[in-house]
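Scroll down for the structure; my scribbles are underneath it.
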Amino acid sequence: MHIVRHLAKSPDNDIVFISQGTNQKVQNVRSVFYNGPKASSKITPALLELDLAYKRGIEVYKTAKTLKNLGYEPDIIIGHQGWGELLNIHDVYPKVPLLKYCEFYYNPVGLDVDFDPEFPSDEFLPSRVRFKNTVNLISATSAGWGQTPTNFQYSTYPAWARETITVLREGVDLETCKPEPEVKTKIFKVGDFIVNPGDKLVTYVARGLEPYRGFHIFMRSLPQLLTARSDIKIVIVGRDQVSYGATLEGGLSWREFMLKEVHNRLDESRVCFSGQVSYEMFCQILKRSDAHIYMTYPFVLSWSLREAMAMGCSIIASDTQPVREFIKDRETGLLTPFHDPSRLSETVLEVLENTALSNDLSEKARKEAEDHLSMKGYLNSYEALIDDLINGRTPPNHLGTSPNSE
């Protein structure tokens, strides 16, 4: 949405946004809705995503054809390549450049699928994972150019597909996401949960509280952490949902499941599950944080890590490939083995008990964000990418401040 809002500010741009029905509106953007497809109850479960992608492609094709019949001819088409909307767009506009967002290429080994030994896969999971790449593969062999935000995501694609993908790091609003040291000098509240100026606040953020973001490891680290210091408070931001991995049987959330495991060793009066919060509150929580924890499988990196860096958090993060691209151990944060709750606790305590280290990590994280994660720089580079495609130039494989692949 940052890109759409930015482009919509120029009177020279005429933007039409094709999507399923939504109440969300962007100023100076015309919305055209298509009928969202329904999942079939008569199809093999492994093919449900492909079935929906095919149906989305058909609906967007019909919508785009109507626009063309009304005289609308775009200079460029931009969209996500993984959901099916772009599958047939070139049948309507064969001469219009297409810029595709390339989020992730699935692999049954070496990435997220076989990363966590606590959740072994069944023998047919590799087959299902390969089928998840069907739309990826159709898109990669069709016309258009790709863009992806990290070298890690770029590396998941086959070498032949990477030839037509540009790595362009997404930016952060450095003015909104900036340190505010004075927040730590006042009483801070998250709902009814109170953090006093003398308390040490440890924060954890994820869209959904689930294993893909290390929630189970984080929860197992808390008893040791809270026992070590009586002044520690914990704020956990995230919803009871599973965005990426498997759900639990019986409708139990991972929060409920992990509380059952650790509740008899956990001082719950010092732990706040905030649920989903406003963006303003999210920023305030990170600005008050004394130690921020970010965990992830080898998967798509969360926006919140970039924002935490910009706000000068002292970050403790999982030593996994997508994180290492942004966090350099003992410079912009501390890295810890993903599967070790005890090491996680010890690393957090190291930050809380070493003010010089904490300050150094905070300053360098902010500096890294200023140097490499500027929203202004990102938007300018994105416009340059659009300009290349509209004018028939081949874009570079790396743009802006995105480091070259090793």
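Some points to look at:
- One residue alone among D91, D114, D75, D51 is under 30 Å from D319 (Cβ atoms) and either out of contact with any helix residue (DSSP H, G or I) (no Cβ under 8 Å at 6 or more places or on another chain) or at pLDDT 95 or above (or both), and that residue is D114.
- The stretch 41-80 - residue that is assigned to a helix (DSSP H, G or I) and of a type in the set (G, A, S) and, of those, surrounded by the fewest Cβ atoms within 10 Å (Cβ to Cβ): A46
- Given (1) modelled with pLDDT of 95 or more; (2) on the phi > 0 side of the Ramachandran plot, number of the condition G250 does not satisfy: (1)
- Against the test of being modelled with pLDDT of 95 or more, of a type outside the set (G, A, S) and either exposed (fewer than 14 other Cβ atoms within 10 Å of the Cβ) or over 26 Å from E180 (Cα atoms) (or both), the options E307, E406, E368, E353 yield a single qualifying residue, E353.
- Just so you know, in the stretch 21-40 the residues that are among the polar types (S, T, N, Q) and surrounded by 14 or more Cβ atoms within 10 Å (Cβ to Cβ) include one that is farthest from L125 (Cα to Cα), and it is N28.
- Contact annotation: residue pairs with Cβ atoms under 8 Å, 6 or more positions apart or on different chains, pairing a residue in the stretch 85-109 that is under 19 Å from V32 (Cα atoms) with a partner that is basic (K, R) and assigned to a helix (DSSP H, G or I), are E85/R56; L87/R56; V92/K65; V92/K68; Y93/K68.
- Tabulated pairs, the stretch 40-56, first under 17 Å from Q81 (Cβ atoms) and assigned by TED's automatic domain parsing to the domain that holds Y106, second surrounded by 12 or more Cβ atoms within 10 Å (Cβ to Cβ) and among the acidic types (D, E), C-beta under 6 angstrom, 6+ apart or interchain: R56/E85
- Selection of the stretch 141-172 for residues being exposed (fewer than 15 other Cβ atoms within 10 Å of the Cβ) and either of a type in the set (D, E) or assigned to a helix (DSSP H, G or I) (or both) yields A159, W160, E163.
- Qualifying residue in the stretch 195-211 (condition: assigned to a helix (DSSP H, G or I) and crowded, with 20+ Cβ neighbours inside 10 Å): yes
- Exactly one residue among Y244, Y279 is in the same structural domain as F188 (by TED's automatic domain parsing) and at pLDDT below 95, and that residue is Y244.
- When the residues of the stretch 97-140 are filtered to those that are in a loop (DSSP other than H, G, I, E, B) and small (G, A, S), the one that is nearest to the chain's Cα centre (by Cα) is G110.
Results for (1) closer than 26 Å to G191 by Cα; (2) in contact (Cβ under 8 Å) with a residue 60 or more places away in the chain; (3) in the same structural domain as L226 (by TED's automatic domain parsing), shown as yes or no for each residue.
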| site | (1), (2), (3) |
| --- | --- |
| C313 | yes, yes, yes |
| D319 | no, no, yes |
| G333 | no, no, yes |
| P337 | no, no, yes |
| D340 | no, yes, yes |
| T347 | no, no, yes |
| E363 | no, no, yes |
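- Filtered residue count, the stretch 116-164, keeping only those that are closer than 25 Å to R393 by Cβ, of a type in the set (A, V, I, L, M) and touching a residue at least 60 places away in the same chain (Cβ under 8 Å): 0
- Being more than 18 Å from I315 (Cα to Cα), at pLDDT 95 or above and assigned by TED's automatic domain parsing to the domain that holds F338 holds for only one residue in F215, F257, and it is F257.
The values are calculated or read from the model by the stated rules, or taken from the named source; none is laboratory data. Note that this is a predicted model, so its numbers are computed, not measured. Glycine gets a Cβ as well: all are built from the backbone with ideal geometry, and neighbour counts include every protein chain shown.
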